[in-house]
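Below you'll find the structure, written out as structure tokens, and then a few comments.
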Amino acid sequence: MTDRICISINNRCNLACEYCHFHEKKDNIHEQPMDVFKILDNVKVSIEKNKIKLFKIGFVGNGEPLLDYEVLKEYLLYIADYLKDGRIAAYTISNGLLLNREMLMFFKELNVNVGFSIDGIQEIHDKYRCNTHAKVMEKVALYKEIMGKYPSMNCTVGRDVLDKADETIEFFKQFNNRITFSRMIGKYCIALDEFNSFLDKAAEVLNVRRGGYDCTMYGGLCGAGMNNYFYSNGNIYICGNCVDLPPIGKSDTPFDELKEVSLMFNRNKCYKESLCE
């Protein structure tokens, strides 16, 4: 049963990170209108019909969601009752640069989690993420001031992080929060086994996100085609890494009408990468 979705509300970003795998796919990603309110209506119907206790929605995807903050705000207000009751858990992931006090107060009111993309030590972060480390750290401090705790963080793991694993792990220890380490894919791809070895080491001292049928990018098993769909450009895909593959439906399709996707493959590997072997 579907109880998790990700919604990509735009294809734009205020950065041009060197390793961004969505940029590599941009010629195959065509922006089309998408009625997000209809998607949220389908979520509400499914929650009530199937008595789902918790439905997770990530407003994340091909771009920087806070470039369209006013639109995102409308979407969150549309499900505000569910957010406040804890029946929907919503989150977004941002590079942090556009965050301000007003936004954070709004997210706090509706219990929306805001994750920061930060690649550990300044040397590595600035190399790939456009020399923004100092600015992002200022926003992290603002988040801490308003929320009373540090935000969850997402760190993309490539060759540089592997080479400076100890320094990277030491950097994140100061926050005492949850860290999602994402395996770099695309042209800067690292092998799955060396990524998992890094995760094992980091998990000895950090609260590392792992486990379950989710995504091999985050150290779990591949959950493509199970209970989590990705919405982008008017279509539904089995995961965010497959937006250049044929969609499984239009974005306004009710969950009950989605065709079951039966994928037979080794879920220790990424479904998209298994197609390329």
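Values as computed for the structure displayed
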| quantity | calculated |
| --- | --- |
| Globularity index of segment 199-277, i.e. its alpha-carbon radius of gyration over 2.2 N^0.38 Å | 1.24 |
| Kirkwood Rh and Cα Rg combined as Rg over Rh, evaluated for segment 21-128 | 1.01 |
| Relative contact order, percent, segment 25-144 [alpha-carbon distance under 8 Å, six or more residues apart] | 21 |
| 17 Å Cα-Cα reach of residue 259 towards lysines, excluding residues that sit fewer than 8 places from it in its own chain | 250 |
| Size of electric dipole in segment 77-149: Cβ of Lys, Arg +1 and of Asp, Glu -1, about Cα centre, debye, nearest 20 | 40 |
| Overall Cα dimensions of segment 125-277 - principal axes, largest extent first, Å | 46, 36, 28 |
| Net lengthening on full extension, residue 147/residue 113 (0.36 nm per residue, minus Cα-Cα) | 11.2 nm |
| Accessible area in the full protein assembly, largest first, 1.4 Å probe, for 94, 117, 262 | 262, 117, 94 |
| Average Cα contact separation per residue, the chain, under 8 Å, 6 or more apart, as relative contact order % | 20 |
| Sparse-neighbourhood loop sites, GluC sites (Glu not before Pro) in segment 170-206 - DSSP loop, at most 12 other Cβ within 10 angstrom | 204 |
| 17 Å Cα-Cα reach of residue 53 towards lysines, excluding residues that sit fewer than 8 places from it in its own chain | 44, 84 |
| Helical mean residue ellipticity (222 nm; -39500 (n - 2.57) per DSSP H run of 4+; nearest 500) of the chain | -9500 deg cm²/dmol |
| Most fluctuating residue given options 71, 36, 60, as computed from a GNM of the chain linking Cα atoms under 10 Å | 71 |
| Long-range tail of P(r) for the chain (Cα pairs > 33 Å, %) | 18 |
| Listed pairs 38/135; 144/269; 139/164; 144/187; 38/149 exceeding 30 Å between Cα atoms | 38/135; 144/269; 144/187; 38/149 |
| Percentage relative contact order, segment 137-277, counting C-alpha pairs under 8 Å, at least six apart | 16 |
| Per-residue ³J(HN,Hα) for segment 249-255, Karplus 6.51 cos²θ - 1.76 cosθ + 1.60, θ = phi - 60°, Hz, x for Gly and Pro | x, 7, 5, 8, 5, x, 4 |
| Percent accessible area from carbon and sulfur atoms, segment 1-119, protein chains only, probe 1.4 Å | 50 |
| Segment residue 105-residue 48, extension gain: residue separation times 0.36 nm, minus the distance between their alpha carbons | 17.6 nm |
| Cross-link partners of residue 49 among aspartates and glutamates (Cα-Cα below 20 Å; sequence separation of 8 or more within a chain) | 3, 41, 81, 85, 252, 256, 257, 260 |
| Accessible carbon and sulfur surface of segment 231-271 relative to its total accessible area, %, 1.4 Å | 49 |
| Placed amide H near residue 90: partners under 5 Å, 5+ positions off or other chain | 57, 113 |
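The values are calculated or read from the model by the stated rules, or taken from the named source; none is laboratory data. Values in this document were obtained by computation on a predicted structure and should not be read as measured data. Note that each Cβ is placed from the backbone with ideal geometry, even for glycine, and that neighbours are counted across all protein chains shown. Remember, those area values only see protein heavy atoms, side chains included, never the ligands or the DNA or RNA. Shrake-Rupley method; radii C 1.70, N 1.55, O 1.52, S 1.80 Å.
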